[in-house]
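Structure first, commentary second.
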Amino acid sequence: MKPGLKRVLYAEDSAKDVELTLAALEQHRVANEVVVARDGVEAWDYLCCRGAYADRAKGNPALVLLDLKMPKMDGLEVLRRMRADETMRSIPVVILTSSREERDVIESYSLGVNAYVVKPVQFDQFIDAVANLGLFWAVLNEPPPGSVRRAA
Amino acid sequence: MHSAPEPRAVFVTSQAVRLGCVAAFGIAALALLGWQLDLAFLRGPSPGAVPMNPLTAVCLVLLGASLWVLRAPSATDGRRRVARACAMTVVAVGGLKLLSVMSGIEMPLDQVLFHGRLQEMPVPSRMAPNTALVFVLLGLGHLTLDVKAWRGWPPAQILQLASLAMAVMALIGYVYGAPAMYGVGSFIPMAANTALAFSLLSVAALFSRPDRGLFRLLLSDSPGGALARRLLPAALVIPIALEWLQLVGQRAGFYGHEIGAALSALVTIAPLVGLIWLTARDLDATDRERHRAEEALKSSLVQVKCLVDSNIVGVITGDSQGWIHEANDAYLEMTGRTRADVPFRWDATRPAEQKERDKATLSELAERGLVRPHENLVVRKDGTRVPVLVGLAALPGDEGKFVAFVVDLSSRKRAEVELDRMRAFLDSILENLPDMMFVKDARELRFVRINRAAEELLDCRREDLLGKNDYDLFPREQADFFTAKDRAVLDSGALLDIPEEPISTKGKGLRLLHTKKVPIVDGQGEPLYLLGISQDITDERQAEAKIAALHEAVRSHADQLEVANKELEAFSYSVSHDLRAPLRHVDGFADLLRRHAGSTLDEKSSRYLDLISDSAKSMGALIDDLLIFSRMGRAEMQRTTVDLAELVAGVQQSLAPDTSGRAIEWHIARLPQVHGDPAMLKLVLTNLMANAIKYTKTRPVARIEIGADPSQTETTVFVRDNGVGFDMEYSHKLFGVFQRLHHQDEFEGTGIGLANVRRIIQRHGGRTWAEGRLDEGAAFYFSLPRSGDEVATTREAA
């Protein structure tokens, strides 16, 4: 399948988390608009249209969900690169992580993250959190120009 | 006026005396030889002339020998006695002869010697009366040589002059052929060689005491002496010689008596005039010289007078009898006297106890003519004493008179006392300095001064060190180092700071010094000395090294701690991130399963799913609490003023969901402000208040009391409830991690809450404790130390 352009880029190394998150997003029917990257490098390849994503349709996702702790390149590094890039600077980024560590929170915000969400242990809360996220960022929020818009 | 003998004249006269003695002796001895060998030409000037009588010859030998002895002042007393005896014998012989002549009594003493030969002669040889007289005169002259002068005329010289006159008269008689001059009446005349011997002996006798009477003038270096020496021989010789020549010429018939007299006068005048003119010219020159000298003397006298009148030093003239005759103002002022007091006795100005010393001074003055300047005391009229420097010089010519120069030393003495005091002051500072101090001379860098600290440090006494240089004391390498630094200081003229230099000491081994060196210069900026001050910094350096080692150890511990902290952080980060993920998955998939198969699940399966979810949740709570607990230990404290009342109200509100449907009586006292981290303190209160709510749930009416008790040093806060309480036996377990006193199904909880409370309060520097009884409620206390501001505020409020 040729990787197409999706509205949400979700970078997460844990397959189980991916499945749970997608299950949560499914409730708002945005799951099929999500492309999943299994680590930071893959996420960055997607954003830069290279490697496996060299042929994808041009355009930025409307939202990027980043896990912090990933192999090869962590979420903060992806965020740092995005904020340093002229064309990706304005893409909304939400950190979705298990870490409550203060320094992670502080560093994320100092790099210009739009939201920092701690994954709750309880699944119902998790569903609420992810669903709200998807609803807000992918559906209600007006993305910056050049982003993929919701299919009418 | 005194004048010294003229040295050349003295030499000539002493030689003349010897010659006279020897010649007279020789002439007489030859005559005796002539008698013995019957050689007429030895006895008299010619065979036909009167010969010298043997007795006369013997007397002449005696007189010549006698004078030879007596002329020398060094002759021994024994020889002098013999010489005097000889002279006396001659006087006796002469006297007897004269007596015989005058009385007409024949005393043939002069016929005893060579009697046979005398009898053979046509005219018997006798001693002439004038010869006898000359013997008496000369002999007496010998005997009275050292008799003192009478009215300036020594008797010996009168006698000798008389004998000389008689001898010369006889000689002239022979020269001119005038027998009346060498013979007396019909008596036999004086022999010609006798007359010559007499003349020589008389002159020698006169010259044997040249410092007396007439000869003092003749031999003096004064113009009179010169005049006498030059003119007297001329006056004696020229007339005799010229008259004789004139007589010879006349007798030979060259000219007549008149012409001869005229020639004689002319020839006499010419040399005399020349001689007188030359002498006058010399005298004139001498007089001018003398005049100049007098002028110079006068001018130097004026200078001396100026010195006296200037009153820079006290000047007096005095005498050994104890009188001060003259004194200048400086001296009078020094001794508290006035001009009206002069003359006064100088011993009145002398301290009584110095009498002996004064005697010694006077005898030194008499002996050496001067007394070197020495320190002494003078007594003022009012009795006070003044230290002075005195020098004395005898005044020449005045027996016992002296001039003294006196300098007032009192101001110098005062300065010396002040100087001594200052020196003692500086010495005591230098000696008591704890640091080594040394001074070296600038030229050779030898030690001239060190203090006690230096002696102790170098472990040697200053007697062994002074006068030595660094090379005498230290290994060559160190000495080179010190010397180079010394030279650098002296050349630059500036202070040199040597922060650290090693020095080898005898007793203490190698020491480290912090040394400062500075040159001590004279008024022109030339360095005289080098001053050094050294501080022994060995102990300090060792202490510093120890401290550095300790610091290093602390730093290494801190580093280890830092590493441990980092590891702990990484661990808790990993716990936070990785441990929660599986729980989330367990709960998530359990929930998904329930949703997915909800209707097909039986009751038991559904309950299992619930238990799975509960377990996952409680483990999640545990992890979260543990993370908070660990974060509380590490998090930065934000210290600020916290309003406890506000904090309690906030917590109450946040706990509202847990209290809904409960009957709770809150008793919240007036709460103070405390100092601490608001977020942390909120966690403390949340824990305590949540516990109080939790453990009172079995009570129909829960009663929760919150209060505070501010003391001087700390604020104690308590939360008390009427809940299930606890057994005090287990109270030590209350604040431990995972320690619970109740079962999970009774009261749920993780067992971390109170551990967190204790950790937070400990980080604030406070304490936690609890009181309780089973089923009778519990009280939890924590205290917070008070800062100075709070204490002041509380006092004002009180």
- Scan region B:660-689 for residues that are assigned to a helix (DSSP H, G or I) and open to solvent by 30 Å² or more (accessible area, probe 1.4 Å) and jot them down. B:Pro678, B:Ala679, B:Lys682, B:Leu683, B:Thr686, B:Asn687
- Query: Where in region B:395-452 are there strands (runs of 3 or more DSSP E), lying wholly inside it, with at least 3 residues that are open to solvent by 30 Å² or more (accessible area, probe 1.4 Å)?
  - Reply: B:401-408
- Item | Options B:Val701, B:Val719, B:Val724: the member that is open to solvent by 40 Å² or more (accessible area, probe 1.4 Å), among the β-branched types (Val, Ile, Thr) and within 23 Å of B:Leu774 (Cβ to Cβ) | B:Val701
- Message: Under 8 Å between Cβ atoms, which residue pairs at least 6 apart in sequence (or on different chains) link something in region B:583-603 that is open to solvent by 70 Å² or more (accessible area, probe 1.4 Å) with a partner that is not basic (Lys, Arg)?
- Response: B:Leu593/B:Leu609
- Query: If B:Ala779 passes every condition in (1) on the phi < 0 side of the Ramachandran plot; (2) open to solvent by 10 Å² or more (accessible area, probe 1.4 Å) but one, which one does it miss?
  - Reply: (2)
- Kindly list, by first and then second residue, each pair from a residue in region B:627-640 that is within 14 Å of chain A (Cβ to nearest Cβ) to a residue that is among the aliphatic types (A, V, I, L, M) and part of a loop (DSSP other than H, G, I, E, B), limited to pairs with Cβ atoms under 9 Å and residues at least 6 apart or on different chains. B:Ile628/B:Ile752; B:Phe629/B:Val737; B:Phe629/B:Ile752
- Task: Scan region B:250-279 for residues that are more than 28 Å from B:Pro223 (Cα to Cα) and in contact (Cβ under 8 Å) with a residue 12 or more places away in the chain and jot them down.
- Result: B:Gly260, B:Ala261, B:Leu263, B:Ser264
- Note on the structure: Exactly one of B:Leu62, B:Leu99 is of a type outside the set (S, T, N, Q) and either open to solvent by 60 Å² or more (accessible area, probe 1.4 Å) or assigned to a loop (DSSP other than H, G, I, E, B) (or both), and that residue is B:Leu99
- Message: Can you find, within region A:80-104, the residue that is nearest to the other protein chains (Cβ to nearest Cβ) among those that are open to solvent by less than 40 Å² (accessible area, probe 1.4 Å) and β-branched (Val, Ile, Thr)?
- Response: A:Thr97
- In region A:23-60, anything over 28 Å from B:Gly588 (Cα atoms) and either of a type in the set (Gly, Ala, Ser) or within 14 Å of chain B (Cβ to nearest Cβ) (or both) is listed as A:Gly51, A:Ala52, A:Ala54, A:Ala57, A:Gly59
- Query: Is there a residue in region B:518-527 that is small (Gly, Ala, Ser) and in contact (Cβ under 8 Å) with a residue 12 or more places away in the chain?
  - Reply: yes
- Task: With respect to B:Glu526, determine if the residue is loosely packed, with under 12 Cβ neighbours inside 10 Å, at pLDDT below 85 and more than 14 Å from chain A (Cβ to nearest Cβ).
- Result: no
- Message: Looking at region B:605-626 only, could you name the residues that are among the polar types (S, T, N, Q) and either within 14 Å of chain A (Cβ to nearest Cβ) or open to solvent by 50 Å² or more (accessible area, probe 1.4 Å) (or both)?
- Response: B:Ser613, B:Ser615, B:Ser618
- Looking at region B:633-644, is at least one residue part of a helix (DSSP H, G or I), more than 60 Å from the chain's Cα centre (by Cα) and modelled with pLDDT of 85 or more? yes
- Message: For the list (1) among the hydroxyl-bearing types (Ser, Thr, Tyr); (2) farther than 20 Å from B:Ala167 by Cα; (3) open to solvent by less than 60 Å² (accessible area, probe 1.4 Å), I need the number of the one condition that B:Ser46 fails.
- Response: (2)
- Please name all residue pairs, on different chains or six or more residues apart, with Cβ atoms under 9 Å, provided the first residue is in region A:119-131 and is within 7 Å of another protein chain (Cβ to nearest Cβ) and the second residue is among the basic types (Lys, Arg) and not in a helix (DSSP H, G or I). A:Phe126/A:Lys119
- Message: Considering only residues that are within 17 Å of the chain's Cα centre (by Cα), closer than 25 Å to B:Asp625 by Cβ and touching a residue at least 12 places away in the same chain (Cβ under 8 Å), which ones fall in region A:105-117?
- Response: A:Ser108, A:Tyr116, A:Val117
- Hey, B:Gly253 part of a loop (DSSP other than H, G, I, E, B) and open to solvent by less than 90 Å² (accessible area, probe 1.4 Å) or not: yes
- Message: Please determine whether any residue of region B:48-56 is under 20 Å from B:Phe207 (Cα atoms) and in a helix (DSSP H, G or I).
- Response: no
- Considering only residues that are in contact with a strand residue (DSSP E or B) (Cβ under 8 Å, 6 or more places away or on another chain) and in contact (Cβ under 8 Å) with a residue 40 or more places away in the chain, look in region A:89-104 and name the one that is farthest from A:Leu47 (Cα to Cα). A:Leu96
- Among the residues of region B:171-180, write down those that are open to solvent by less than 70 Å² (accessible area, probe 1.4 Å) and either hydrophobic (A, V, I, L, M, F, W, C) or farther than 18 Å from B:Arg251 by Cβ (or both). B:Leu171, B:Ile172, B:Val175, B:Ala178
- For region B:557-574, state whether one or more residues are open to solvent by 90 Å² or more (accessible area, probe 1.4 Å), within 14 Å of chain A (Cβ to nearest Cβ) and out of contact with any strand residue (DSSP E or B) (no Cβ under 9 Å at 6 or more places or on another chain). yes
- Which of the residues spanning region B:570-617 are of a type in the set (Asp, Glu), out of contact with any helix residue (DSSP H, G or I) (no Cβ under 7 Å at 6 or more places or on another chain) and in a helix (DSSP H, G or I)? B:Asp578, B:Glu603, B:Asp610, B:Asp614
- Message: Given the criterion among the aliphatic types (A, V, I, L, M) and at pLDDT 85 or above, identify the matching residue among B:Ala352, B:Ala366, B:Ala340, B:Ala348.
- Response: B:Ala340
- Query: When B:Glu353 is evaluated against the numbered criteria (1) out of contact with any helix residue (DSSP H, G or I) (no Cβ under 9 Å at 6 or more places or on another chain); (2) within 15 Å of B:Gly391 (Cα to Cα); (3) open to solvent by 60 Å² or more (accessible area, probe 1.4 Å), which criterion, by number, is the only one it fails?
  - Reply: (2)
- What residue, among those in region B:184-230 that are within 60 Å of the chain's Cα centre (by Cα) and aliphatic (A, V, I, L, M), is most open to solvent (accessible area, probe 1.4 Å)? B:Leu217
- Find all pairs meeting these conditions: Cβ atoms under 6 angstrom apart; at least six residues apart or on different chains; first residue within region B:307-327 and at positive phi; second residue open to solvent by less than 10 Å² (accessible area, probe 1.4 Å). B:Asn311/B:Asn328
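The values are calculated or read from the model by the stated rules, or taken from the named source; none is laboratory data. This one's a predicted model, so the numbers in the text were calculated from it and none came from an experiment. FYI the Cβ positions are ideal-geometry reconstructions off the backbone, even for glycines, and counts take in every protein chain you see. Accessible surface is based on the protein model in full, side chains and every heavy atom, while ligands, DNA and RNA are left aside. Shrake-Rupley method; radii C 1.70, N 1.55, O 1.52, S 1.80 Å.
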